[in-house]
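What follows is a short report on a single structure.
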Amino acid sequence: MTTFKKLIIFLFLSICLSSSWANKTHDDFLECLSHKIRNSNTISQVIHTPKNSSYSTIYNSFSHRNLRITSNFKPSIIFTPNDESQIQAAIHCSKKHGLQIRIRGGGHDYEGLSYISEIPFIVIDLRKLRSISIDTQKKTAWIQAGATLGEVYYRIAEKSKKLAFTAGVCPTVGVGGHFSGGGYGMMSRKFGNAADNIIDAKLIDPNGRIHDRKSMGEDLFWAIRGGGGTSFGLIISWKVKLLDIPEKVTVFNVPRTLEQNVTQLVYKWQHIADKVDDNLILRIFIRNSEFPFGGGKRTIHASFTALYIGGVDELLHEMQKSFPELGLVKDDCIEMSWIESTLFFANFPRNTSLDVLLNWNTTTNQSGFFKGKSDYVQHPISINGLEGIWKLFNQLVGENSGAEVQFSPYGGKLSDISESETPFPHRAGNIFMIEYAVYWGNIENSQSNIAWIRKLYGYMGKYVSKSPRAAYFNYRDLDLGVNNISGNTSYAQARIWGVKYFKNNFDRLVKIKTKFDPTNFFRNEQSIPPLLS
């Protein structure tokens, strides 16, 4: 028998044995869980296997968001618990039978780490844990991790027109992951990120014990506010501080093109974006699109999008003082309630019912391919540097392909907080954050579009932060480095990507992980590893 034939037989037997082991583990887990959850009706509602029609419906609800994410393995079970005790049971049984878990908060996931793995695993999907309890007197809220930002915003506004919370703009983002990774949003310059306003949490540790802030201790509570909750446990709920806002805020979205001096406007913006009044956040969304929105001619198109926590006259005064070059006029601005502004920034048409925020599948009907990356900028990008970005935009090819670069300003409250206050380290010294995104509609274009965004990222290296070249954890990017998911990951291996997200806070996160999860039960391709004994 030739060496090649022996290799083929070996690989075939390995696959068969692996499949057999996975099936046995799967069956053992189910049997264990059935002993822990004795109500047969309940079991049928919370356990979804490929034999159930519900399995495909649930899996597709999150996997279709980004068709780029594929894996040789789908979860053998999707578990949708109704309460904390069922999560405890799932953790006990998965630990007992060596079945990895992934935790799904129901929102977005740039790299699919909540629902794919290369080794046998189950998904704990928190979609049924979405209650929100508001205390307007104490200005606090308890929010379960399966809720979406849209639901949070709606429930706060339902109780008060003068309270709000600071987090992201997309209403279908899940609270569990978003809060634990930082949570940048349209009010971050005024109030900080979501993680800066968390005052308590409930977490289940690797041994199935439930902790609040007091019992978990300040180290672990520090780690989950920006260090990624799924490295340390399963977060059930967050307690947050609600924020005082006026009954009316002011918004605008002003488009400009190359023909309207956009290069000089973006260049000037870099010099003022982190220094304007803390009540103002002015972001830029840059695309290569048709001008004027048709006719076949393409140009660089930048949208200057702003929220001002106050009235239109105050905003106009601030803009005239800081950024007169934009030419903002009163007719560009709209005064509205804070809750209405959440619809504005999510690109819903005016007069859309607020009820749309409660429909967590509202924007999940579309599917496509996507890749994102991020950077931090500490010195203004030169005119030549910006023009180089525009040239790269013109190199994007492929039918149904598109790209966007977002410039999101820092300064204000974000810079007032020290780098070590939470694991989220991107504070003073950063002018703005960049998110790069490329979208395409056909699998045939995947290779060229991924190569394009990597080329853009490579080009930007000379204009962004260095040593480390920083990145935002919630814009997860496996290009930065990955763990050895099927075995022990060394500190040195994880540090390659870890310092980019967390800078000097990475070492403290590793020490906390070593203390609270030394066996690395909670893990994924970019989870904090414990120090190996």
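The values are calculated or read from the model by the stated rules, or taken from the named source; none is laboratory data. In this text, all values refer to a predicted model and were calculated from it rather than measured experimentally. We place every Cβ from the backbone using ideal geometry, glycine too, and count neighbours over all the protein chains shown. In case anyone asks, the SASA skips ligands and DNA or RNA and just uses the protein heavy atoms, side chains included. Shrake-Rupley method; radii C 1.70, N 1.55, O 1.52, S 1.80 Å.
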- Query: Whole-Hz Karplus ³J(HN,Hα) for the range 455-462, in order, using 6.51 cos²θ - 1.76 cosθ + 1.60 and θ = phi - 60°, x for Gly and Pro?
  - Reply: 5, 4, 4, x, 4, 6, x, 7
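Just the C-alpha atoms of the range 219-327: what Rg/Rh do they give, with Rh taken as the Kirkwood radius? The partial results should precede the final answer.
Working: Rg = 19.2 Å, Rh = 17.0 Å.
When Rh is taken as the Kirkwood radius, the ratio is 1.13.
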- Task: Report, to two decimal places, the Cα Rg of the range 103-255 normalised by 2.2 N^0.38 Å (N = number of residues).
- Result: 1.05
- Query: Near the amide H of residue 102, under 5 Å away, which other amide H atoms are found, from residues 5 or more places off or on another chain, if H is placed in the peptide plane?
  - Reply: 122, 123, 124
- Task: Would you mind listing how long the range 132-200 runs along its three principal axes, going by Cα atoms, in whole Å with the largest first?
- Result: 28, 26, 22
- For residue 51, counting only aspartates and glutamates whose alpha-carbon sits under 20 Å away and dropping same-chain residues fewer than eight positions off, the answer is 27, 28, 31, 125
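Counting DSSP beta bridges in the chain, what percent are antiparallel, to the nearest 5?
On the way: 66 of 74 bridges.
Here the share of antiparallel DSSP bridges comes out near 90 percent.
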- Rounded to whole Hz and in sequence order, give me ³J(HN,Hα) for the range 396-408 from the Karplus expression 6.51 cos²θ - 1.76 cosθ + 1.60, θ = phi - 60°, writing x for Gly and Pro. 5, 10, x, 4, 6, 9, x, 9, 8, 10, 9, 10, 10
- Message: Need the list of aspartates and glutamates near residue 371 for cross-linking: C-alpha distance under 19 angstrom, and skip anything on the same chain fewer than eight residues off.
- Response: 109, 111, 399, 404, 435, 444, 477, 479, 525
- Message: Tell me the net charge near residue 420. Cut-off is 15 Å between Cβ atoms, residue 420 excluded, with +1 for each Lys or Arg and -1 for each Asp or Glu.
- Response: -2
- Task: Any chance you could list the semi-axes, whole Å, largest first, of the equivalent ellipsoid that the Cα gyration tensor gives for the range 388-433, using √(5λ)?
- Result: 34, 11, 8
- Links exceeding 23 Å between C-alpha atoms in this model, out of 241/500; 138/190; 330/391; 96/239; 455/513, come to 241/500; 330/391; 96/239; 455/513
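Please tell me the relative contact order of the chain in percent, rounded to the nearest whole number, where contacts are Cα pairs under 8 Å and at least six residues apart. Don't skip to the answer; put the middle values down first.
Working: 1061 pairs, mean separation 77.1, N = 533.
In percent, rounded to a whole number, it is 14.
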- Separation of alpha-carbon centers, the range 454-475 and the range 178-230, rounded to whole Å: 26
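Going through the range 346-448, which GluC sites (Glu not before Pro) have at most 14 other Cβ atoms within 10 Å and a DSSP loop state?
In loop regions of the range 346-448 (DSSP not H, G, I, E or B), the sparsely surrounded GluC sites (Glu not before Pro) are 399.
Please arrange 507, 244 by accessible surface area, largest first, computed with a 1.4 Å probe and ligands excluded.
The most accessible residue leads, giving 244, 507.
Peptides 189-200, 124-135: what's the order by average Cβ count within 10 Å, highest mean first? Mind showing how you got there, number by number?
On the way: 189-200: 22.9, 124-135: 19.1.
Descending mean neighbour count gives 189-200, 124-135.
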- Note on the structure: Note on the range 380-502: alpha-carbon gyration tensor, axes a ≥ b ≥ c; rule is a/c under 1.5 for rounded, else prolate if a/b larger than b/c, else oblate; result oblate
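Measure off, as a whole percent, the carbon and sulfur share of the 1.4 Å-probe accessible area of the chain, all protein chains present.
On the way: 11550 of 22590 Å².
After summing per-atom areas, the C and S share lands at 51 percent.
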- Message: What distance in nm lies between label points placed 7 Å from Cα along the C-beta direction at residue 118 and residue 400?
- Response: 2.9
- Rounded, prolate or oblate: which fits the range 304-423, taking a ≥ b ≥ c as square roots of the Cα gyration tensor eigenvalues, rounded meaning a/c under 1.5, else prolate when a/b beats b/c? rounded
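Which percent of the Cα-Cα distances in the range 31-150 go past 18 Å?
When all Cα pairs of the range 31-150 are counted, 54 percent exceed 18 Å.
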- Hey, for a label at residue 72 modelled as a point 7 Å past Cα toward Cβ, could you say which residues of the range 91-124 have their backbone N under 14 Å away? 117-121
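Answer rounded, prolate or oblate for the range 441-533, using the Cα gyration tensor with square roots of eigenvalues a ≥ b ≥ c: rounded when a/c is under 1.5, else prolate when a/b is larger than b/c, else oblate.
oblate
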- With 5 Å bins from zero, work out the P(r) of the range 161-206 over every alpha carbon pair and list the percent per bin. 5, 21, 29, 23, 13, 5, 3, 1, 0
- Task: Please list, in chain and number order, the residues 5+ apart from residue 185 or on another chain whose amide H is under 5 Å from its amide H, with Hs placed from the backbone.
- Result: none
- Which value, in Å to one decimal place, does the Kirkwood hydrodynamic radius take for the range 411-470 when every pair of different Cα atoms is included? 14.0
- Hey, with R₀ at 51 Å, roughly what FRET efficiency would residue 469 and residue 39 work out to, going by the Cβ-Cβ distance, to 0.05? 0.50
- Message: With every protein chain kept in place and ligands, DNA and RNA left out, what is the accessible area per residue of the range 120-173? Probe 1.4 Å, answer in Å².
- Response: 36
- Task: Enumerate the residues in the range 197-228 having an amide nitrogen under 15 Å from the point lying 7 Å beyond the Cα of residue 511 toward its Cβ.
- Result: 218-223
- Query: With respect to the cross-link table entries 139/503; 139/214; 162/214; 128/202, which display a Cα-Cα separation exceeding 22 Å?
  - Reply: 139/503; 162/214
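Using square roots of five times the C-alpha gyration tensor eigenvalues, list the equivalent-ellipsoid semi-axes of the range 191-239 in whole Å, biggest first.
Working: eigenvalues 63, 23, 16 Å².
Output for the range 191-239: semi-axes of 18, 11, 9 Å.
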- Whole-angstrom gap from the range 405-424 to the range 147-167, using each part's C-alpha centre: 22
- Item | Bins of 20 Å, starting at 0 and running to the largest distance - Cα pair percent for the chain | 21, 55, 22, 2, 0
